[in-house]
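Worksheet: one structure, shown below.
Read-outs throughout are calculated quantities, based only on the coordinates presented, and are distinct from any laboratory measurement. If you're wondering where the values come from, they're calculated on a predicted model, not measured in any experiment. Note that each Cβ is placed from the backbone with ideal geometry, even for glycine, and that neighbours are counted across all protein chains shown.
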Amino acid sequence: MKDPILEHAPALASPMVPQPIMIRRAIWETDDTFTLTLDMNDWKGDYAFLPGQFNMVYVHGLGEVAVSISSDPGKRSTLEHTIHRVGLVTTALAQKKKGDYVGLRGPFGSSWPVDVARGKDVCIVSGGIGLAPLRPIIYTMLHHRSDYGRIIVMYGGRSPLDLLYRVELEKWDNNHDIETLVTVDRGDTSWKGYIGVVTTLFNYIKLEARDTIAYVCGPELMMRYTVDELVTRGLPPEQVYLSMERNMKCAIGFCGHCQMGPTFICKEGPVYQLPRIRPLMDKKEL
Amino acid sequence: MEKADLTVVLRQHPFLAGLSDEQMATVLGCASNVHFKDGESAIREGEIANTFYLIRSGRISLQVDVPGKGSLRIGSTGPGEILGWSWLIYPFRWHFSGVAVADTRAIALDGECLRNKCESDPKLGYEMLKRLAQVMERRLEATRIQLLDLYGMSMSENLR
């Protein structure tokens, strides 16, 4: 039986119309987080994304979710989405397997500015699933490693079993391409890394504040503490970028679901320079 | 390690940065160099807290023994940080255990020696207390954030 999404595949030009895309691989990263690798060979038209952008992923008859792209922008034939299973749509996505189809539209939103970091040190701070939207920028920088100074990745998770991309983190660290600092809130006796919130990792690195660009992604509260720590350590706010999250629906700035004060996260965001978004983060009504 | 070398090491540790020469000399009288191999215990829950460690390299994991669950690791301390403040606070007993999870080098300050010197030199005592209070404040704040279980939170997740 033909997949119901395929039956309705139109001539796809509208950003509101999802294209049917086949899942090439589905793997569990943790107990509640999985990665879908999508086959982009069937994508009608050109598809290219920038680090930090997101797609709308559609489950036929159920709904759509906004999901950051977590793969290497240099790879054109596949696309990866790492997804936290939390609600109806993401639970349905979690049940998908190789050969199944999902609807896809995108890419949407602003991206991590990569060029501003050329010749400078890079500090990437992430928490939980926040590492997924930052992974494309790590790949991009590794492709041009000599263009950057130190690359520091700080990553916090709930427990060792909740950490994403552990093999990759170890590989980056072992290759000395990246200084990797990982911490968890709770460890078992097999865990030999740091224990504590991600901001405590700043105690173990020395930042050349004026020559460092920071990229931050994670739960909003974690980002608030992190950007405060970065600024306390001397980073000018305009050298700090963060990715915001709100309930996105249309993804093109029409519906207003993701409005945060004067900005639509789906269109002007999700990536913002700190001075633009910090005042809004302090408003509890938003 | 010679005392002269130890002075250099002490001066390099962030916890003691900015102490006067006289205060540094007083602290030096209580100091010795220690090394913990990976897996070795530095402090043990319930035992008398008679040492204050300034970590130079490596990592110490703080853990608590939970009946039926074994040891749970609840914190860690690394280069530039300290291990233990129970040497200063009555009843001078460790509330947690500390185990090296990597080869670790530290300066061990004799807790009783330092306590007595802080009693007899209130200026030094106040200086040490101010520094420890800063560490405690930072750890309390970090623990409060930890309790929020941040990584379970997401703005839009319940809508997906």
Next on the checklist: Going 7 Å from the Cα of B:LYS37 along its beta-carbon direction, which residues of region B:61-83 have the amide nitrogen within less than 20 Å of the resulting point?
Outcome noted: B:61
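Throw me the Rg/Rh for the protein assembly as shown, computed over C-alpha atoms with Kirkwood Rh, two decimals. Please list the in-between numbers first.
On the way: Rg = 25.0 Å, Rh = 24.0 Å.
Rg/Rh for the protein assembly as shown comes to 1.04.
Give the average, rounded to an integer, of partner chain Cβ atoms located within 10 angstrom of each Cβ in B:128-140.
Values: counts 0, 0, 0, 0, 0, 0, 0, 0, 0, 0, 3, 2, 0.
Across the residues of B:128-140, the mean count of other-chain Cβ atoms within 10 Å is 0.
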Item to check | Cysteines (scope chain B) whose Cβ has no counterpart Cys Cβ under 4.7 Å | outcome: B:CYS118
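Round to the nearest 0.05 the FRET efficiency obtained for A:THR232 and B:SER20 when R0 = 22 Å and r is the Cβ-Cβ distance. Can you show the working numbers first?
Working: r = 27 Å, r/R0 = 1.21.
Computed FRET efficiency for A:THR232 and B:SER20 comes out at 0.25.
What FRET efficiency, computed as 1/(1 + (r/R0)^6) with R0 = 60 Å and r the Cβ-Cβ distance, is obtained for B:LYS123 and A:LEU88, rounded to the nearest 0.05?
Working: r = 64 Å, r/R0 = 1.07.
My answer for the efficiency is 0.40.
Over chain A, what is the relative contact order in whole percent, taking alpha-carbon pairs under 8 Å and six or more residues apart? Spell out each step's value before the answer.
Values: 585 pairs, mean separation 48.5, N = 286.
Relative contact order for chain A comes out at 17 percent.
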Next on the checklist: Per DSSP helix of 4 or more residues, -39500 (n - 2.57); summed, then divided by the residues of chain B. What does that give at 222 nm, rounded to the nearest 500?
Outcome noted: -11000 deg cm²/dmol
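Restricting attention to region A:246-286, which trypsin sites (Lys or Arg not before Pro) occupy a DSSP loop and are surrounded by at most 15 other Cβ atoms within 10 Å?
Numbers: sites: A:ARG246, A:LYS249, A:LYS267, A:ARG276, A:LYS283, A:LYS284; in loops: A:ARG246, A:LYS249, A:LYS267, A:LYS283, A:LYS284.
Of the trypsin sites (Lys or Arg not before Pro), the ones in loops of region A:246-286 whose Cβ has at most 15 other Cβ atoms within 10 Å are A:LYS283, A:LYS284.
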Next on the checklist: Over all directions, the average projected area of the alpha-carbon convex hull for region A:115-281 comes to how many nm²?
Outcome noted: 10.0
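Return a single number: how many Lys pairs in chain A, at a sequence separation of 8 or more or on separate chains, have alpha-carbon atoms below 17 angstrom apart.
Details: A:LYS2/A:LYS96; A:LYS2/A:LYS97; A:LYS2/A:LYS98; A:LYS44/A:LYS75; A:LYS120/A:LYS206; A:LYS171/A:LYS192; A:LYS249/A:LYS267.
The result is 7.
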Checklist outcome for this item: Partner shielding of A:193-206, as the mean number of partner chain Cβ atoms within 10 Å, equals 6
Checklist entry - With N residues in region A:87-143, what two-decimal value do you get for its Cα radius of gyration over 2.2 N^0.38 Å? => result 1.54
Item to check | Gap separating the Cα centres of region B:1-57 and region A:153-222, nearest whole Å | outcome: 27
Next on the checklist: Compute and list, largest first, the equivalent-ellipsoid semi-axes of region B:3-150 from the alpha carbon gyration tensor, each √(5λ) rounded to a whole angstrom.
Outcome noted: 26, 17, 15
Checklist entry - How do A:THR78, A:THR140 rank when sorted from fewest to most other Cβ atoms within 10 Å of their own Cβ? => result A:THR78, A:THR140
Checklist outcome for this item: Checking rank on A:141-150, A:199-208, with mean other Cβ inside 10 Å and highest first, the result is A:199-208, A:141-150
Checklist outcome for this item: For the A:PHE254, B:LEU72 Cβ pair and Förster radius 51 Å, calculated FRET efficiency rounded to 0.05 is 0.55
Checklist entry - From a point 7 Å beyond the Cα of A:LYS171 in the direction of its Cβ, which residues of region A:33-76 have a backbone N at a distance under 20 Å? => result A:34-40, A:51-52, A:69-76
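In percent, how large is the relative contact order of chain B, given Cα pairs closer than 8 Å and 6 or more residues apart? Could you put the intermediate results ahead of the total?
Numbers: 261 pairs, mean separation 41.9, N = 160.
Answer for chain B is 26 percent.
Over the residues of region A:28-105, compute the C-alpha Rg and express it relative to 2.2 N^0.38 Å.
Computed over Cα atoms of region A:28-105, the ratio equals 1.04.
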Item to check | Qualifying lysines (Cα of each under 17 Å from Cα of B:LYS117; at least 8 residues distant if same chain) | outcome: B:LYS130
Checklist outcome for this item: The set of residues whose placed amide H lies less than 5 Å from the amide H of B:ARG93, leaving out same-chain residues fewer than 5 positions away, is B:ALA49
Checklist entry - Given the options A:PRO15, A:PRO51, A:PRO136, which has the most mean-square fluctuation in a GNM of chain A, springs set between C-alpha atoms less than 10 angstrom apart? => result A:PRO15
Item to check | Residue-span extension gain [A:LEU161 to A:THR189] - 0.36 nm each, minus C-alpha spacing | outcome: 8.8 nm
